[in-house]
Every structure is written in structure tokens, then in C-alpha cells.
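What follows is a single structure, written as C-alpha cells, with notes after it.
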Amino acid sequence: MSDLVAVITGGAVGIGQAIAKAVGARGGQVFNIDQDASGNQETDQLVAGAGGQCTSFTANAGDPEIVRQIFNEISSQVDHLDLLVNNSAVWNDSSLTAGDYQSQVKAFQMAIDSCLHAAFCCTLAAVPLLERAANPVIINMNTEHMDKDHFLSYIVGSTGYDCAKFGLWRLTQTWAAELQSKGIRVNEFCFGAVDTPMLRAVSSEKADAGMKSEDLATAVFHIFDQGPSGDNGQSHFFGFSGTSREESLQQIAALRI
């Protein structure tokens, strides 16, 4: 086992699971927070099979009290944290014209909690462990919607998801400045279609044409491996929808120093 320790939200499937497996391949220890119990079991097995160790918490990363308890447990097992990946998010229909008042308020709140509030709670709880690492890194998983030519305001139902992601962009910039004195680097990835269960539920065609989850895991470690003097406060744009996977991989490769 290496000394590499990572916390990943939304690690039961897709991108989060691929990143967890990549940490395992480096002999690292993963703490995964996801509400999908069966997916969590699969992630635990995949990380172990790759050579690492994984402890999954079947929980809502947007619940502040649960997050506090989880990080108390993590702190009892490790003395530092190298990598935090804020990956969890929900795409649901939070439009004004669907459902009733109660259902749409709930949908909007779920979208905000799963991404934006979860990122805040987990990062707040993680800082004391991150500042004890030699090369602490936070990666926020954002979206190509941050690019002015890829706004999706015309897609009914994306309100909550996009509000959460735009908030995450602001948190990335703020945290990078705030945590710089502690040696903690904060960056985000703004990317397009990735073949995940969430995207497949919306469009299998886009999923087939997109990047693979393991491509994002590669991008994470390109940033991590830059070391303490690497990128900070950067929004890395790559792999926009409609871009071939080959071109996306070239863009990801450019993240290396």
C-alpha cells in the first residue's frame, strides 16, 4: 500500500468509480461517499482488485451532519488526505412547468444538495486532513456548460443542475485563493459527454460518442502529479460534446507538465 489517500463523492458508478479504481491501482486508500449501496460494494471490490483499499459510506454527501460524522471516522483511520474529488451530481427535471410545487422544489433542492452543497460540506470537513499532506489537491468535476458556447439553458429541466455547477465554478475560484496559503491546490474540470449511467439515461447516442470514465481518472492524476507547484484555480476545458474521444484524450494529455 502507498500513502495515497483519497476521498471521492459519487464513487459508486461512472467517473467516481473509475477514479477510485485508479487510486487503487496506485496502491492507495479510497473513502467513497455515495447513496448507491450496491454500487459502493462494486467499487470496494474494484479498488481492492486494483491493489488498493476502499471504504464506502452509503450516505448523502450533501447532508452536513452525516458528512461531519464520516470525516470524523476518516480522521480516526488516516492522518492526512492527498486528494478530494467532488464528483457527485444529479441531473433531474427541476423546471418550473413540470410536476407540482412540492415536486419541483424537491427536485431543485436535490440537484443543489448533490453537487454544490455536497462539495462545500466535504471540502469544509476535509481541509484539516488536506493541510497535513505533502501535495494536497481538490478536483471539482464541473461541466462544459461553463463555456459560453455550450450553455444548455434551452434544455428544459437543467435548471438545478446548471445552478449547482455554476456555483461550483465560483467555489473553485474562491477556494483556490483561500487555501493557497495552506498549500492546497484547487482546480476543476469542465468537460462534455462521458459514457456514464447518468448520461445513458438521457442519451445513449451521446454516451457512445463521449469519453470513457477512465479518461477522467487519467486527467485527475495528470493534475495531481504536477506536484505542489502545479496548477491552482484553473478551470480546465476539454472533451466537449461532439469532440472525438481521440481529440479529447489529446487535450487531457496536455494537462501533464
field: Pairs with Cβ under 7 Å, 6+ apart, first in segment 46-67 and assigned to a helix (DSSP H, G or I), second open to solvent by 60 Å² or more (accessible area, probe 1.4 Å)
entry: Leu46/Lys21; Val47/Lys21; Val47/Gln53; Ala50/Lys21; Ala50/Ala25
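Every residue, every condition in (1) within 11 Å of Val7 (Cβ to Cβ); (2) open to solvent by less than 20 Å² (accessible area, probe 1.4 Å), yes or no:
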site	(1), (2)
Gly24	no, yes
Gly27	no, yes
Asn32	yes, yes
Gln41	no, no
Val47	no, yes
Ala61	yes, yes
Gln77	no, no
Leu83	yes, yes
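Looking at Thr159, is it within 30 Å of Ala98 (Cβ to Cβ), of a type in the set (Val, Ile, Thr) and touching a Gly at 6+ places or on another chain (Cβ under 7 Å)? I'd like the intermediate steps shown before the answer.
Numbers: within 30 Å of Ala98 (Cβ to Cβ): yes; of a type in the set (Val, Ile, Thr): yes; touching a Gly at 6+ places or on another chain (Cβ under 7 Å): no.
Taking the combined requirement at face value, the residue does not satisfy it.
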- prompt: Between a first residue in segment 173-184 that is under 8 Å from Pro136 (Cβ atoms) and a second residue that is in a helix (DSSP H, G or I), which pairs have beta carbons less than 6 Å apart while being 6 or more apart in sequence or on different chains?
  reply: Ile184/Leu130
message: Give all pairs with beta carbons closer than 9 Å in which a residue from segment 225-238 that is without any contact (Cβ under 8 Å) to a residue 24 or more places away in the chain and over 15 Å from Glu188 (Cα atoms) meets a residue that is open to solvent by 80 Å² or more (accessible area, probe 1.4 Å) and assigned to a loop (DSSP other than H, G, I, E, B); count only pairs at least 6 apart in sequence or on separate chains.
response: Ser229/Ile257
task: Starting from segment 105-120, take each residue that is in contact (Cβ under 8 Å) with a residue 40 or more places away in the chain and closer than 17 Å to Asn87 by Cα and list its partners that are part of a helix (DSSP H, G or I) and not hydrophobic (A, V, I, L, M, F, W, C), counting only C-beta distances under 7 angstrom and pairs at least six apart or across chains.
output: Ala111/Gly160; Ala111/Tyr161; Ile112/Gly160; Cys115/Lys165; Leu116/Gly167
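Do you know which residues across segment 1-41 are in contact with a Lys or Arg (Cβ under 9 Å, 6 or more places away or on another chain) and under 17 Å from Val78 (Cα atoms)? Walk me through it before giving the result.
Residues of segment 1-41 that are in contact with a Lys or Arg (Cβ under 9 Å, 6 or more places away or on another chain), as a first pass: 2, 4, 18, 30.
Correct list: Ser2, Leu4, Val30.
The values are calculated or read from the model by the stated rules, or taken from the named source; none is laboratory data. From a predicted model like this one, the values you see are computed outputs, not experimental measurements. Note that we place each Cβ from the backbone using ideal geometry, even for glycine, and neighbour counts take in every protein chain shown. Side chains included, ligands, DNA and RNA excluded: accessible areas come from the protein's heavy atoms. Shrake-Rupley method; radii C 1.70, N 1.55, O 1.52, S 1.80 Å.
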